[in-house]
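Participant: Below is one structure. I have some questions about it.
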There are 2 protein chains.
Amino acid sequence: MDPSACAKGVLYGVSVGPGDPELLTLKAVRVIGECPVVAVPDIGSGRQTAYSIVRSLLEGKRVIDCSTPMSRDRARAAESYDRIADDICAVLDAGESVAYATLGDASVYSTFSYIRDRVAGRGYATEVVPGVTSFCASAAKLGVSLCDGAERLVVEPGTAAGGGFSPDATRVYLKSGSRLEKLRADLAERGELDDASMVSDCGLPTEAVFPRFAEADLSQGASYFSTVIVKRRGRR
Amino acid sequence: MDPSACAKGVLYGVSVGPGDPELLTLKAVRVIGECPVVAVPDIGSGRQTAYSIVRSLLEGKRVIDCSTPMSRDRARAAESYDRIADDICAVLDAGESVAYATLGDASVYSTFSYIRDRVAGRGYATEVVPGVTSFCASAAKLGVSLCDGAERLVVEPGTAAGGGFSPDATRVYLKSGSRLEKLRADLAERGELDDASMVSDCGLPTEAVFPRFAEADLSQGASYFSTVIVKRRGRR
């Protein structure tokens, strides 16, 4: 019996950063290079953001489409994660390792955590390659320091904007998309709009940087990949 | 007159990640490669962490020592930042660009923000290259997802451990160092110790991973570069 037939592949969650392919780490490039199969979460969607970041590394590789429905229906999402785990485990069973390309960092609001839980739960080896988050990349574009000294940083999705309020912390709202108008109204009500800045599609060809969130034109709808940073002007 | 004598250099804040040189981004490697001068914050200290990360990229470059005192005396710190800004501006005036190597990400508790404020305030061009934070790298090592769904993430320095308390958020305490015993006692008092994990010196040869913070031996003193993550076990 061929011993290599027994060795199972490893699932790598490879963080590919928010948009600019130059923000891939050396480790991400190496791991993708070493894996014969690359799983891309949004290959079937209109955006293909993760795919566009790793495209130049895919020559000669098999690409698995791991798109998931953007649904609030938990059962439907769970079913979709199960199916993706099935596809990935079939590859691992054949002894091939899989690099799952995930936007930003794999530990911050990434579908990868749901996939990893399932694959690890079935006894396969998994590993995460950390990456650059969209909020660090957006802060860099804006020239804002997220936290200094003893300042606290709070990160939350735009959908949580109405929730807890931490006036003394720097706050980052991710993936605000359709909630941006609501978020802007909330910030204005709290007298914080002048402290807010935004980057949409950070590092992508469609990138837009707004040092003043108040001046962003939201009438045409805003990108799902919008990051809003609220930090007191005097403390930047 | 030689026109190149008029062109001033650019100050780049190059995030070099928490420890493993493989977590440098492609952009960090390129920018360091293009700058004739590299500023390293801790070259004179015992740790030389940033220096060790970029060491292989320094051949043929001039290295400026930018160590700062670990002091709570604000006047002394400000004086030290002024001196570093002077050194950097002298290089920029000569038309040479400077890559300031900063641990983790330049926007998260980095001395670079103080240096940049001074250099930008004097009218020089500055740019930040974002990088991998220690908390993303630590989460990857631990196999913990920092936030899923609508969960909030709170990042703060270990010195703030006694401050605000966000029981529903995932919390990250950075650079806890000498405060680890106090932090552990606080978490135990709140019944959260079982939810806490820790990584010290993530990505360095001295790295230590503690899936259970409760089991870390703190009797020998702990590294300044310790990251504690508190996330409810049921939600990992």
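Participant: Just to be sure I understand the filter: pairs with C-beta atoms under 7 Å, separated by 6 or more residues or on different chains, first member in the range B:220-232 and farther than 17 Å from B:Pro205 by Cβ, second member among the acidic types (Asp, Glu). Which pairs pass?
Facilitator: Pairs found: B:Val230/B:Glu192; B:Val230/B:Asp195; B:Lys231/B:Asp195; B:Arg232/B:Asp195.
Participant: Now for a different question. Quickly run through the range A:154-178 and pick out the residues that are modelled with pLDDT of 75 or more and either touching a Cys at 6+ places or on another chain (Cβ under 6 Å) or of a type in the set (Val, Ile, Thr) (or both).
Facilitator: Scanning the range A:154-178 gives A:Val154, A:Val155, A:Thr170, A:Val172.
Participant: Please find, among B:Asp86, B:Asp65, B:Asp73, the residue that is more than 13 Å from chain A (Cβ to nearest Cβ), modelled with pLDDT of 95 or more and farther than 29 Å from A:Ser138 by Cβ.
Facilitator: B:Asp86
Participant: Follow-up. Based on what the data block shows, is A:Ala196 of a type in the set (A, V, I, L, M) and either out of contact with any helix residue (DSSP H, G or I) (no Cβ under 6 Å at 6 or more places or on another chain) or farther than 15 Å from A:Leu142 by Cα (or both)?
Facilitator: no
Participant: I would also like to ask the following. Yes or no: B:Gly123 more than 13 Å from every other protein chain (Cβ to nearest Cβ) and part of a loop (DSSP other than H, G, I, E, B)?
Facilitator: On the way: more than 13 Å from every other protein chain (Cβ to nearest Cβ): yes; part of a loop (DSSP other than H, G, I, E, B): yes.
Spelling it out, B:Gly123 is indeed more than 13 Å from every other protein chain (Cβ to nearest Cβ) and part of a loop (DSSP other than H, G, I, E, B).
Participant: Separate question: Between a first residue in the range A:169-180 that is touching a residue at least 24 places away in the same chain (Cβ under 8 Å) and a second residue that is surrounded by 20 or more Cβ atoms within 10 Å (Cβ to Cβ) and basic (Lys, Arg), which pairs have beta carbons less than 8 Å apart while being 6 or more apart in sequence or on different chains?
Facilitator: A:Thr170/A:Lys231; A:Arg171/A:Lys231
Participant: How about the range A:1-55: which of its residues are at pLDDT 95 or above, surrounded by fewer than 21 Cβ atoms within 10 Å (Cβ to Cβ) and among the small types (Gly, Ala, Ser)?
Facilitator: A:Gly9, A:Gly33
Participant: Considering the range B:105-120 alone, what residues qualify as being hydroxyl-bearing (Ser, Thr, Tyr), in contact with a helix residue (DSSP H, G or I) (Cβ under 7 Å, 6 or more places away or on another chain) and part of a loop (DSSP other than H, G, I, E, B)?
Facilitator: Correct list: B:Ser107 only.
Participant: Is it the case, given these coordinates, that A:Ala150 is touching a helix residue (DSSP H, G or I) at 6+ places or on another chain (Cβ under 8 Å) and modelled with pLDDT of 90 or more?
Facilitator: Working: touching a helix residue (DSSP H, G or I) at 6+ places or on another chain (Cβ under 8 Å): yes; modelled with pLDDT of 90 or more: no.
It is false that A:Ala150 is touching a helix residue (DSSP H, G or I) at 6+ places or on another chain (Cβ under 8 Å) and modelled with pLDDT of 90 or more.
Participant: Pull up the range B:65-83, narrow it to residues that are over 18 Å from the mean Cα position of the chain (by Cα) and of a type in the set (A, V, I, L, M), then point me to the one that is farthest from A:Asp148 (Cα to Cα).
Facilitator: Filtering the range B:65-83 for residues that are over 18 Å from the mean Cα position of the chain (by Cα) and of a type in the set (A, V, I, L, M), the one farthest from A:Asp148 (Cα to Cα) comes out as B:Ala75.
Participant: Another question, then. Testing B:Tyr109 on (1) of a type outside the set (D, E, K, R); (2) surrounded by 16 or more Cβ atoms within 10 Å (Cβ to Cβ); (3) at positive phi; (4) away from chain A (no Cβ under 11 Å), one condition comes back false. Which one is that?
Facilitator: Here B:Tyr109 meets the rest and fails (4).
Participant: Among the residues of the range B:17-28, count how many are more than 7 Å from chain A (Cβ to nearest Cβ) and in a helix (DSSP H, G or I).
Facilitator: So the answer is 2.
Participant: Here's something else I'd like to know. Find the residue count for the range A:62-102, including only residues that are in contact (Cβ under 8 Å) with a residue 60 or more places away in the chain and either not assigned by TED's automatic domain parsing to the domain that holds A:Arg116 or not aliphatic (A, V, I, L, M) (or both).
Facilitator: Of the residues in that region, 6 qualify.
The values are calculated or read from the model by the stated rules, or taken from the named source; none is laboratory data. Small disclaimer: the values here were computed from a predicted structure and weren't measured. So basically every Cβ, Gly included, is an ideal-geometry build from the backbone, and we count neighbours across all protein chains shown.
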